[in-house]
Amino acid sequence: MSKATSKATGKAAGNTATTTDAGVSGGVRKRNLILVASALPLAALFALLGWVVVQSGGSPGGFGINSRFGEVPVDQRSAWEFQVTTLEGDPVSLQGLRGKVVMLDFWSSWCPPCRTEAPALSQVYREYRDRDVEFIGMAIWDDPGAVGDHVREFDVPYHNAMDDKGEIAIDYGVAGIPEKFFIDREGNLVRSFVGPMDAGSLREVLDELLAAAPRAGDG
């Protein structure tokens, strides 16, 4: 083989190797990007699981059952905005409920106290829904099918939605369930209760918030 032919063959082989290397490198980069993209939802899931483990004292299965009941102090401030899609497929936002007294309830279908208080919540909502009152049930760490079964079993008349990633629960600092947050007509977080509430206690809080006059300068 001549020197010229040898050089040409070597150059061609080098070009082929370079092209192959580039292809392999590009394929590796693409595969890495796919792996990273696939890992992001898992990272979010593990972050939520970690939050549940911390809140439950190391036992996710026991998360959510409040061991103390009653009112807890809150920093009275503007409530955290949220926008969710209800089980019926309707969009609901806190901003859209401005002008109403809102009770935001964090719960799960597997939580015994949540089931215990379900009839009282439904009863009181039916009494107050024509008085500028809205209840929003926010199911956390739960299965949509089980949540739907709960709503049908107890004939729950108010909106319920899934807080799938726990983002809204984290915003509100939920430490266990059930936990309720009361928001006044101007969108301010004013009271919070852990554990189940009976009908009389719910009526007392709602009557107080409905009777409160808007503060100067509020809409």
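Read-outs throughout are calculated quantities, based only on the coordinates presented, and are distinct from any laboratory measurement. As the structure is a computational prediction, the values presented were derived from the model and not from experiment.
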Worksheet item: How high is the relative contact order of the range 64-211, in percent, with contacts defined as C-alpha pairs under 8 Å that are six or more residues apart?
Response: 39
Discussion item. Pairs of alpha-carbon atoms within less than 8 angstrom and 6+ residues apart define the contacts here; what relative contact order does the range 134-219 have, in percent?
Written reply: 21
Worksheet, complete the sentence: Scoring the range 147-194 by relative contact order with C-alpha pairs under 8 Å, at least six apart, yields a percentage of 23
Practice prompt. Give me the compactness ratio for the range 64-211, meaning the Cα radius of gyration over 2.2 N^0.38 Å.
Written response: 0.93
